[in-house]
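Asks: What follows is a structure written as structure tokens; I'll ask about it next.
The values are calculated or read from the model by the stated rules, or taken from the named source; none is laboratory data. Note that this is a predicted model, so its numbers are computed, not measured. Positions of Cβ are backbone-derived with ideal geometry, glycine not excepted, and every protein chain shown enters the neighbour counts. What goes into the accessible areas is simple: the full protein's heavy atoms, side chains included, and nothing from ligands, DNA or RNA. Shrake-Rupley method; radii C 1.70, N 1.55, O 1.52, S 1.80 Å.
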Amino acid sequence: MDLTNNVASLLDRHLVFPLLDFLMQKEVYPEPDLLKAKYELLKATNMIDAANSIYQQIHSTEENSPVEAKRAKVLENYEALQSSSETVLAILQDPSVLALLKQDKSAVVSYLETKFNFTNDMLETLYDFAQCQYQIGSYQGAADLLSDYRVLSTNSEKSTMALWGKLSCEILLQKWDNALEDLLKLKEIIDNAASITSQTANNTQQLIQRSYFVAWSLFVFFNHPKGRDILIDTFMQPAYISTIQTTCPWALRYLTASIVTTKNRRKASLLKELVKLVASERELKLNRASSSTKETEDPLTGFIYTLYSEYNFSEAHKSLAQCEPVLDHDFFLESIKKEFLETARTMVFESYVKVYREIDIGVLSATLGLSRDEGEKWVVDLVRGVRMDAKIDSESNTVIMGAQYTSVFQNVIERTRNLTFRTNLLASNIEKREVELANRRAGAAPGEAKKEAKKGTLRK
């Protein structure tokens, strides 16, 4: 079950190139089809040499593609913007300006206007030149220009667009620390309702922006060392759960992979929340599906559902077997395939021993998708590694589990672990709602304000 189309629909075209290269490497689709898709993407950029190369591969020719016709215009535009930007870049390198850049933007701009006759058109030249650099595939140059632009820009909407562009550059340059920093800045902007200019479309705009955020963030979260933990913290927030359920149900695969492989101490509680989300999405799918349309279930979420909702070890085994090729062909998850499968087998075993006290190693091995010898070795290593109260009877080839009890104190800790977080979140939501209502009342017409006041008096 390939999710490339789902993710790519929310990405900038430059971010789709690595996905297509990966699919070509894995031979998921016929190479001619992928080359054609790549060429269609390149046609809309100014990466003329790359477009010519792909065109020549498709048609087995040495002739250049029709994109070659715009080379002269692209070069002319590049040289013009480069010349216009030289003055601005020289100003930004002035020692007196460098000393002021960390101060308030309006103060810096005022200083530049007074000393260098700096204008907004000069600043916009930086933005245009950054776009030009990005379109020809010069991502480092574009990132530097967009960074300079954001330092001086007081236009919040344009500055946010520049941040999206800079994030794309950092992803393509594989500078994951910088990319994570930009990603978290974007999240703060998106989550701040005041940053959305259209007051009548607040919720819609935030939903759209969060949908793009979910797709773009996968590059960062699955490459940064701390990424998967941040993904869990982000995607498990109510606003992002709502976004995933509404526009990005496919993202549950990545949340599932992150929770299964996490070393977080809250894994047990996170897993319980994930089971609820997966079950809820499954119900929605069943409601959406008609008699003639059947939606394919994701093997990763299917594994969670069959193991923890149905307790069906046979079906969990089938889902786990389907997970391996899916992980291998997923751009974001290929690197954690081994870790996921190993952890998933441990989860099956832990669930198994809760149901059965005496376990046949042959049956267990089949359930885990291992040979008898592999299964026996795996069980021995696991029992020793986690110090389970269990013994292996070599004569009967079984694992005999000891009595397992969870202390009352541990139960209390597990049940109240998220209480403080949820209380703070509820208090924060109530406070935001009160502020929103107060702002609406403050902006109401005098007649309406009197009506509201009268209503309040009647309620009292």
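Asks: Roughly how much of residue 126 is accessible, in Å² to the nearest 10, using a 1.4 Å probe?
Replies: 0 Å²
Asks: Using the Kirkwood radius over C-alpha pairs as Rh, can you work out the diffusion coefficient of the chain via Stokes-Einstein at 37 °C, viscosity 0.692 mPa s, in µm² per second?
Replies: Calculated translational D: 124 µm²/s.
Asks: Provide the per-residue ³J(HN,Hα) series for segment 265-275, in order, calculated from phi with Karplus coefficients 6.51, -1.76, 1.60 and θ = phi - 60°, each as a whole number of Hz, with x at glycine and proline positions.
Replies: For segment 265-275, the Karplus-derived couplings read 5, 8, 4, 4, 6, 5, 5, 4, 5, 5, 4 Hz, x marking Gly and Pro.
Asks: Also, I was wondering about something else. Given the pairs 73/158; 36/187; 158/187, which span a C-alpha to C-alpha distance of over 28 angstrom in this model?
Replies: Violating the 28 Å Cα-Cα cut-off are 36/187.
Asks: Here's a follow-up. Below 12 angstrom from the Cβ of residue 168, what's the summed charge of the other residues (Lys, Arg +1; Asp, Glu -1)?
Replies: 0
Asks: Over 28 Å between C-alpha atoms is what I'm after, so list which of 43/105; 272/338; 185/432; 105/185; 337/391 land there.
Replies: Numbers: 43/105 38 Å; 272/338 23 Å; 185/432 20 Å; 105/185 17 Å; 337/391 30 Å.
Checking Cα-Cα distances, 43/105; 337/391 exceed 28 Å.
Asks: What does the net charge come to around residue 126 if you take all other residues with beta carbon closer than 12 Å to its beta carbon, with K and R at +1 and D and E at -1?
Replies: On the way: positive: 150, 158; negative: 86, 121, 124, 128, 144, 148.
Every neighbour counted, the sum reads -4.
Asks: What translational diffusion coefficient, in µm²/s and rounded to a whole number, does the Stokes-Einstein relation yield for segment 130-241 at 10 °C and a viscosity of 1.306 mPa s, taking the hydrodynamic radius as the Kirkwood radius over Cα pairs?
Replies: In µm²/s, the coefficient is 109.
Asks: Among the listed pairs 38/70; 267/354; 26/318, which have their C-alpha atoms separated by more than 20 angstrom in this model?
Replies: 26/318
Asks: For segment 269-356, which GluC sites (Glu not before Pro) are in a loop by DSSP, counting at most 15 other Cβ atoms within 10 Å?
Replies: Counting only loop positions with at most 15 other Cβ atoms within 10 Å, the GluC sites (Glu not before Pro) in segment 269-356 are 295, 310.
Asks: Quick one: which of 363-373, 115-125 comes out on top by average Cβ neighbours within 10 Å, and what's the full order, highest first?
Replies: Answer by packing, highest mean first, reads 363-373, 115-125.
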